1. Just want the answer: with Cβ charges of +1 for Lys and Arg and -1 for Asp and Glu, which residue in G72, P86, P97 is farthest toward the dipole's positive end in the chain?
2. Roughly what would the spin-label model give for T46 and R108, points 7 Å off Cα along C-beta, in nm?
3. How high is the relative contact order of the chain, in percent, counting Cα pairs under 8 Å that sit 6 or more residues apart?
4. How would you rank 92-98, 61-67, highest first, on the average number of other Cβ atoms within 10 Å across their residues?
5. Going by how many other Cβ atoms sit within 10 Å of their own, how do Y68, Y102 line up, fewest first?
6. From the square roots a ≥ b ≥ c of the eigenvalues of the alpha-carbon gyration tensor of the chain, which class results: rounded (a/c under 1.5), prolate (a/b over b/c), or oblate?
7. Please identify every one of the trypsin sites (Lys or Arg not before Pro) in segment 1-53 that sits in a loop by DSSP and has no more than 10 other beta carbons within 10 Å of its own beta carbon.
8. More than 18 angstrom separation, counting every C-alpha pair in segment 45-101; what % is that?
Amino acid sequence: MSNPIEIRRFESPDDTLDMKERGGINIIRMADGTTGMRAVFEPGWTWENDEKPLLGSPDSCPMRHTGYCIAGQLVVRMVDTGAETPIAVGDFFEIPPGHDAYVAGSSRVELILFGSPEHQH
């Protein structure tokens, strides 16, 4: 007996992070524990101002992100070194924990993020 194919949509997420006028993240959890996230960050969004308070104000983002940029440009900064890396449309990326980020320029950023069952976000 084959397993049924599981299909989910970001329009009906299991969880959300609401960042008001600065955007938000819709989170889907698949049956096996895999997560998918669609993040929308408006111009002016910064991790420091808009996401950090929702995570309990850690010094930097504690999560590892694997994902794909479908709109805009996000600049990710590694807090320990200060090194900044721009992520642009079409980039598939892997960001280690210990970062913050901000939207570069005047365009909305949209990202699709993936999480494996053993790395719960």
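Just so it is clear, none of the values below were taken in a lab; they were calculated from the coordinates. All values reported here derive from a predicted model rather than from experimental measurement. Positions of Cβ are generated from backbone atoms using ideal geometry, with glycine treated the same way; all protein chains shown enter the neighbour counts.
1. About the Cα centre, the residue reaching furthest to the positive side is G72.
2. Here the answer is 2.3 nm between the modelled labels.
3. Relative contact order here is 29 percent.
4. Numbers: 92-98: 13.6, 61-67: 17.3.
Highest to lowest by the protection proxy: 61-67, 92-98.
5. Ordered by Cβ neighbours within 10 Å, fewest first: Y68, Y102.
6. Values: a/c = 1.71, a/b = 1.57, b/c = 1.09.
Prolate shape, in that a/c is at least 1.5 and a/b is the bigger ratio.
7. Taking segment 1-53 and a limit of 10 other Cβ atoms within 10 Å, the loop trypsin sites (Lys or Arg not before Pro) found are R9.
8. 31 percent
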